[in-house]
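The values are calculated or read from the model by the stated rules, or taken from the named source; none is laboratory data. Predicted, not measured: the structure shown is a model, and the values here were computed from it. Note: areas computed on protein heavy atoms with side chains; ligands, DNA, RNA excluded. Shrake-Rupley method; radii C 1.70, N 1.55, O 1.52, S 1.80 Å.
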Amino acid sequence: MQHSRRPFQITLAAAAVVAAGLGGGVLPTASGAEGGAEGSGGTVKQENPPSFEEFAATTHRDDKGLYIVNGDEALSDRAELRRYYDRMIADGGPAQDGSTSLVVNQGPSGDDLWTAAEAGNLSYCVSDAFGADKATVVDAMASGAGIWEAEASTIDFVHDPSADADCTTGNDDVLFSVEPTSDTSFIARAFFPSSSDYEMNVLVNPDSLVSSGWDPVNIMAHELGHTLGFRHEHTRPESGTCFEDSNWRPLTPYDSASIMHYPQCNGSSDDLTFSALDAEGVKEVY
């Protein structure tokens, strides 16, 4: 897809919900064990961190060739993986800024968000390749989008069924594509507003979507939160685990019940439901 608004490509280019405990692709410690609680998150230990070669060798790649880090964030190539690694080593752990539910991704130009005009036409297709599962994905996308739209009148996700037969990142008729994946390491992954055209898709494993134990609507709402520019709530120091990086700005007080907070990262919600503070945060920026 060709889009005029791409001044830069952020380091953390996409995001996903991971199937098995939401814990794949974390940064390993020097001993090879995964950081974070129960293998989730990506806490870097400053003492004897793994070399970049060790880290790259153990980082999962999805069926689009993207590197999956932090359990659910995708990087397009080895150069981006290196920049991510260098930043994690430099950060060394959770930001100790005393910040007090949503957090917005940060790029070189500040908040990573859509303009009002862009947010009002977030067009997408849902691939016919989903086959018998397509209706489930279409419904989950529509209902998940509706959760965000109900809180901010400037947001409008628009499904264009006429693009479903050719639903790829190369289709210029829509902003992003929703495509099936056979990768079982995650349920779904998405992108941020400043992601490159190649990364502007939401990949969904349809089998995992309906068998994870979570409502498919909430899963897709979580993913669409990333497409709006929102980071994982559990990267904040108040979580106490699952640190990712410091490339974010807090919008509300910390919210362990946020739809953007992994339950196993000291989250207080076990079903990814939308919280009152989520509503407050999205209204602040859209």
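Return the long-range amide H neighbours of Val69 (sequence gap of 5 or more, or a different chain), with a cut-off of under 5 Å between placed amide H atoms.
Excluding prolines and chain starts, which carry no amide H, the hits are Ala74, Leu75.
Applying the Karplus parametrisation 6.51 cos²θ - 1.76 cosθ + 1.60 with θ = phi - 60° to the phi angles of segment 251-263, what ³J(HN,Hα) value in whole Hz is obtained for each residue in order, glycine and proline being reported as x?
10, 9, x, 4, 9, 5, 9, 4, 5, 9, 10, 4, x
Please list the non-local residues whose amide H lies under 5 Å from the amide H of Gly107, H modeled 1.01 Å from N, same-chain partners needing a gap of 5 or more.
It is Asp112, by chain and number.
Using a 1.4 Å probe over the heavy atoms of the protein chains, calculate the carbon and sulfur portion of the accessible area of segment 164-244 as a whole percent.
47
Step through the residues of segment 178-192 one at a time and calculate ³J(HN,Hα) from phi using the Karplus curve (6.51 cos²θ - 1.76 cosθ + 1.60, θ = phi - 60°), rounding each to whole Hz and writing x for Gly and Pro.
Once θ is set to phi - 60°, the couplings for segment 178-192 become 10, 10, x, 9, 9, 5, 9, 7, 8, 7, 7, 9, 9, 7, 10 Hz.
Amide H neighbours of Val202 under 5 Å, counting only residues 5+ apart in sequence or on other chains, H built in-plane at 1.01 Å?
Ser177, Val178, Glu179
Along segment 225-241, what does the Karplus equation 6.51 cos²θ - 1.76 cosθ + 1.60 (θ = phi - 60°) give for ³J(HN,Hα), rounded to whole Hz, x for Gly and Pro?
So the Karplus estimates, Gly and Pro as x, are x, 5, 5, 8, x, 8, 8, 5, 5, 6, 6, 6, x, 5, 5, x, 6 Hz.
State the Kirkwood hydrodynamic radius of segment 130-212 in Å, one decimal place, computed from all pairs of distinct Cα atoms.
13.7
Given N residues in segment 188-286, what is Rg(Cα) / (2.2 N^0.38 Å)? Walk me through the numbers on the way to the answer.
On the way: Rg = 13.3 Å, N = 99, 2.2 N^0.38 = 12.6 Å.
For segment 188-286, the normalised Cα radius of gyration comes out at 1.06.
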